[in-house]
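Contents: one structure, followed by commentary.
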Amino acid sequence: MGLRSLLRRPGRDRAGRESAVRLAAAEAAQDDPLFAPEAVVRRAAALFVAIQRAWSADDVAGLGRMVGPELMVEWEARLGDLRRRGWRNRVDVLEGPEVRYVGLTNRAGDAEDQVVVTVTATLRDVVVDRRGDVIPSDDGEIARIGEFWTLGKRAGDWVLVSVEQEREGAHHLASPLVAAPEGDDARLRADAVMELAAADRVDADRVAGLLSPAFSGDARAAALDLSTVDARFAPDVLATAVGEVAEAWARAIDGPDEPLAARTTPAALRALLHPTGDRGARLVVRGAQVRAVTIAAVMPGPPAEVRVQVDVEGVQYVEDRATTEVLAGSRRRRSRTRQSWTLRLADDPRRPWVVVDASGALPR
């Protein structure tokens with residue numbers, strides 16, 4: 001199944017998606033003309049051609065001007081691996097690119113603004129040795145490619161921040177469209193949940209004495225018991241905190257780590273991004289959805305902690321950053337991991353829970 005097939009079936013859904021994107025883009029363009037369809041398509045097509053040229057020329061500086069910093073870490077590793085072998089990857093655009101605008105997010109600050117496009121093209125893609133001879137490949141020299149490209153803002157223009165293959169990027173075709181910050185329903189709901197929880201809390205050092213001495217229920221019941229005097233223990237607050245960590249985790253795969261670092265300890269961050277322990281291998285999670293959050297244990301402390309079981313579904317795999325070899329999981333199918341996260345109560349009213357321990361992120 002190719003990218004065209006993904007975009008064409010069912011036809012009614014495709015037409016509905018394209019119409020929704022056009023409307024959302026028109027609204028977002030009133031805030032920033034960069035979201036206008038013609039601007040996005042033109043920029044994505046120009047980036048595609050320029051990036052192939054810079055890659056073929058091993059022009060790291062040129063790529064760095066068109067590509068986000070996290071993606072450049074991987075690309076520099078791959079180019080460095082080719083360089084060590086005395087090889088060069090030459091890519092020529094023979095046909096295309098055909099660009100279609102399929103997603104957008106317009107939030108209050110430029111740092112979170114993104115657009116998603118699909119790119120299809122025919123390429124001549126070869127690896128040559130030091131003498132300029134083509135190294136034979138089972139894949140042949142001519143390839144018809146289909147990819148999802150996510151663009152983010154930098155210095156007043158779009159740059160490439162993520163590349164996903166057909167199956168791993170298909171989730172974008174059903175992702176929410178955020179045309180304006182005030183229309184970001186999920187973010188607004190999370191803000192409201194945390195605001196209400198912050199208004200009904202007690203000092204962290206008093207939490208240990210709040211659980212009734214006669215309490216004998218399970219972990220969820222213990223959280224509910226505590227939530228009657230401190231709303232931060234309510235299951236919907238815990239689930240909202242988990243959802244925000246999961247969103248920041250997905251962003252950190254190709255983007256900045258700071259939003260995830262604000263919600264985790266350094267050890268937990270490493271466990272989520274590099275579950276093998278090797279920083280040369282990264283966990284990739286595409287289209288992640290938290291399917292279930294189960295309260296497994298409540299430790300009143302101090303410090304107060306809650307251990308939750310988190311079922312995460314999506315395309316999940318571990319990739320060697322230099323060679324792109326898949327070390328665990330799969331790029332081609334969705335899978336589910338059952339993870340254990342320990343949340344510790346914090347003083348930040350907007351982020352009352354911090355992940356201090358995480359395990360189970362390694363996909364099978």
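The values are calculated or read from the model by the stated rules, or taken from the named source; none is laboratory data. Quantities reported herein were computed from a predicted structural model and do not represent experimental measurements. Ideal geometry is used to build each Cβ from the backbone, glycine not excepted, and the neighbour counts take in all protein chains shown.
List of remarks:
- Any hit, segment 250-261, residues being crowded, with 18+ Cβ neighbours inside 10 Å, assigned to a helix (DSSP H, G or I) and at pLDDT 95 or above: yes
- For the criterion of being crowded, with 20+ Cβ neighbours inside 10 Å and closer than 30 Å to GLY16 by Cβ, ALA179 passes.
- For the condition surrounded by 20 or more Cβ atoms within 10 Å (Cβ to Cβ), in a strand (DSSP E or B), touching a residue at least 40 places away in the same chain (Cβ under 8 Å) and touching a strand residue (DSSP E or B) at 6+ places or on another chain (Cβ under 7 Å), ALA358 qualifies.
- Residues being assigned to a loop (DSSP other than H, G, I, E, B) and closer than 30 Å to VAL285 by Cα - total across segment 216-247: 1
- Criterion violated by VAL99 - all others in (1) part of a helix (DSSP H, G or I); (2) among the β-branched types (Val, Ile, Thr); (3) under 14 Å from THR150 (Cα atoms) satisfied: (1)
- Residues that are of a type outside the set (A, V, I, L, M) and touching a helix residue (DSSP H, G or I) at 6+ places or on another chain (Cβ under 8 Å), drawn from segment 130-151: GLY146, GLU147, PHE148, TRP149, THR150
Okay, residues lined up against (1) in contact with a Phe, Trp or Tyr (Cβ under 8 Å, 6 or more places away or on another chain); (2) modelled with pLDDT under 90:
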{"position": "LEU210", "(1), (2)": "no, yes"}
{"position": "SER216", "(1), (2)": "no, yes"}
{"position": "THR228", "(1), (2)": "no, yes"}
{"position": "LEU238", "(1), (2)": "yes, no"}
{"position": "GLU244", "(1), (2)": "no, no"}
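- Meets criteria (at pLDDT below 95 and either surrounded by fewer than 22 Cβ atoms within 10 Å (Cβ to Cβ) or closer than 18 Å to ALA241 by Cβ (or both)) for PRO303: yes
- Considering VAL312, VAL355, the condition of being more than 14 Å from the chain's Cα centre (by Cα), at pLDDT 95 or above and of a type in the set (Val, Ile, Thr) is satisfied by VAL355 alone.
- Selection status of ASP191, acidic (Asp, Glu), loosely packed, with under 15 Cβ neighbours inside 10 Å and assigned to a loop (DSSP other than H, G, I, E, B): no
- The residues in segment 60-75 that are farther than 17 Å from ILE253 by Cβ, in contact with a helix residue (DSSP H, G or I) (Cβ under 8 Å, 6 or more places away or on another chain) and of a type outside the set (A, V, I, L, M, F, W, C) can be counted, and the count is 2.
- Listed by first and then second residue, the pairs with beta-carbon distance under 6 Å, at least 6 apart or on different chains, first residue in segment 174-202 and assigned by TED's automatic domain parsing to the domain that holds ALA346, second of a type in the set (Ser, Thr, Tyr), are ALA190/THR240; VAL193/THR240.
- Tally, over segment 1-36, of residues that are at pLDDT 95 or above, more than 23 Å from the chain's Cα centre (by Cα) and of a type in the set (A, V, I, L, M, F, W, C): 4
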